[in-house]
Amino acid sequence: MTAAVSKNSAGQETLATDASDSVFERAKKLFLQYAQPLKLNERYPGRMLVERLTIPDKIVQLRLSLQKDDGTVQVCNGYRVQFNDDRGPYKGGLRFHPQVDLEEVKALAFWMYLKTAVVDVPFGGAKGRIGVDYKSLSFAERERLTKRFAVMLRDVVGHEKDIPAPDVNTGQQEMAWMLDTWRMTSGGYQRGSVTGKPLGMGGSQGRVEATGVGTIITLAEAATDIGLDLAGATAAIQGFGNVGQYAALELARRGSRIVAVSDSRSGLVDPDGFDVDDLVRHKVETGALAGYRHGQVVEPAEVLTVECDVLIPAALEDAITVKNAPSIRARIISEGANGPITAEADAVLFDRGVCIVPDVLANAGGVIVSYFEWVQNREEYYWPIEEVREKLQRKLVTAYRLVAQRASQDGTSLRQGAYSVAIELVSEAAVARGVQ
Ligand code: NAD
């Protein structure tokens, strides 16, 4: 496929994407655009790095049969995409969602190896998925399905091969089931073969909240750079699951006012600001934002364009497109979700001077504490929460500063700065290891 080259208002060459492109094709085009100035072919002649870094190493496709409680059988598709392990074992979340789209899993695995490089944890990138309406299953059905998936993945995962973690609709419970399956089938514990586990099974302090909190640690650094004080700032959060809830709690702790929130079914707006602890309690107890006694009910998509200083998209890909980008009113966006802004919308926002902390940096707190969990599992020695928080803060601030410095030196966006750092690191490792 050839793509037309044009220039944005910053004079940077951009590869035009086609509306019919899959999310992976679009992710790849962005990578090619950012890799161009790095001149990989000239630096490493004949090493074929662009191809090696844009084609997944391995795709595992599975058919899962689930015995339902009523005795009937449901058939689901599953995937594990192992994209790149040049810098260490594959690492990436498991998403249980009705839409089964291999292209999306490829994109998520691709971003994952860039993310582990940006924040310099010794992993590569992978992603897994089961196409299922997971929320409609009973607790027992969920356990059977997750354990079936774990059995089928057994040969390709492991603490030095590929380490899954939570993502959309998965959490500590699913990770506990995965570990338990491998314990039963291998006859022993290999705790580091999955992260995001409950504390009692070798999980790390601080893992549950790490992604949401990390989104705000990186946001705070960028806010300082643009002269925005988070204390007293207003914020909107799209998606109120693991990442959105902890991002909201952390923002509130820093004195920001949360004026809008949404989940997949409803949006809520209150210019005076929500009591976030109470709102989280309501969401956890009822499973939805709907029915909360404060705020005005709006369509979920409206939350993205409310009047606010800070916007945290923390739901799914492609939430902000060229259609709604001109209406975004926030000064700064920290991408809690993976790929929430399309490349075209990103260009619109860049031209409008909106500061964007990119996903590969903003939501890397989860994989950083997953790395801490893996280290603790190898030593079977567990750190107190203060130590985890301090190490997370240090790692994210170091990564942010490196990316910001690179972006400022090259006159690019933070996203391009992050990609430059990551592509160079992974290229060095790929060349150092050789080809055989
Ligand atoms: P989750 O399942 O806990 O929560 C997802 C939330 O998004 C739910 O509240 C859901 O109702 C909401 N949502 C879905 N579609 C929506 C829409 N159209 N409008 C508004 N809300 C919508 O998932 P999560 O773990 O919080 O993951 C959210 C995002 O963060 C994903 O992109 C995921 O890949 C990314 N992420 C998660 C982690 C992690 O550690 N959990 C790490 C890195 C990145």
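The values are calculated or read from the model by the stated rules, or taken from the named source; none is laboratory data. Please read these numbers as outputs of a predicted model, since none were measured by experiment. Just so you know, the surface numbers come from the protein's heavy atoms only, side chains and all, with ligands and any DNA or RNA stripped out. Shrake-Rupley method; radii C 1.70, N 1.55, O 1.52, S 1.80 Å.
Just a few scattered comments:
- Accessible area per residue was computed with a 1.4 Å probe on protein heavy atoms; L361 scores about 0 Å².
- Whole-Hz Karplus values for region 256-264 come out as 7, 9, 8, 9, 7, 9, 8, 10, 5 Hz, taken residue by residue from phi with 6.51 cos²θ - 1.76 cosθ + 1.60 and θ = phi - 60°; glycine and proline positions read x.
- Each residue of region 410-423 is assigned a 3J(HN,Hα), and the resulting list reads 8, x, 10, 6, 4, 4, 5, x, 5, 5, 4, 4, 5, 4 Hz, derived from the Karplus form 6.51 cos²θ - 1.76 cosθ + 1.60 (θ = phi - 60°), x at Gly and Pro.
- Under 5 Å from the amide H of H159 lie the amide H atoms of S193, each residue being 5 or more positions distant or on a separate chain, with H modelled from the backbone and absent for Pro and chain starts.
- Taking a ≥ b ≥ c as the square roots of the Cα gyration tensor eigenvalues, region 91-193 comes out oblate, since a/c reaches at least 1.5 and a/b does not exceed b/c.
- Solvent-accessible surface of region 54-189, averaged per residue with a 1.4 angstrom probe and all protein chains in place: 37 square angstrom.
- Proximal aspartates and glutamates to K58, defined as alpha-carbon separation beneath 14 angstrom and excluding residues fewer than eight positions away on the same chain: D85, D86, E103, D155, D162
- Shape category assigned to region 330-407 from the gyration tensor of Cα positions, a/c cut at 1.5: prolate
- The chain, helix-only ellipticity at 222 nm - DSSP H runs n ≥ 4, -39,500 (n - 2.57), divided by all residues, nearest 500: -13500 deg cm²/dmol
- Cα-based shape type of the chain, given that a ≥ b ≥ c are square roots of the gyration tensor eigenvalues and the cut on a/c is 1.5: rounded
- Just the protein heavy atoms count here, and of the accessible area of region 121-210 at 1.4 Å, carbon and sulfur take up 48 percent.
- Whole-number percent relative contact order across region 54-189, with pairs defined as alpha carbons under 8 Å at least 6 apart: 26
- Portion, in percent, of the accessible area of region 319-420 that falls on carbon or sulfur, probe 1.4 Å: 52
- Using a probe of 1.4 Å on the protein chains alone, the accessible area found for F350 is around 70 Å².
- At a probe radius of 1.4 angstrom, the accessible area of region 210-362 per residue rounds to 37 square angstrom.
- Part-to-part distance (alpha-carbon centres) for region 228-272 and region 132-156, which is given in Å: 32
- DSSP-defined beta bridges in region 54-189 - what % are antiparallel, rounded to 5: 65
- When the listed pairs K127/K395; K135/K161; K91/K135 are checked against a 27 Å cut-off, the alpha-carbon distance exceeds it for K135/K161.
- Extended-chain gain in nm, criterion 0.36 nm per residue less alpha-carbon gap, E103 and R329: 78.3 nm
- Karplus-derived 3J(HN,Hα) values for region 149-158, using 6.51 cos²θ - 1.76 cosθ + 1.60 with θ = phi - 60°, are 4, 4, 4, 5, 8, 3, 6, 9, 10, x Hz; glycine and proline are entered as x.
- Separation between Cα centres of region 173-220 and region 338-411, rounded to whole Å: 19
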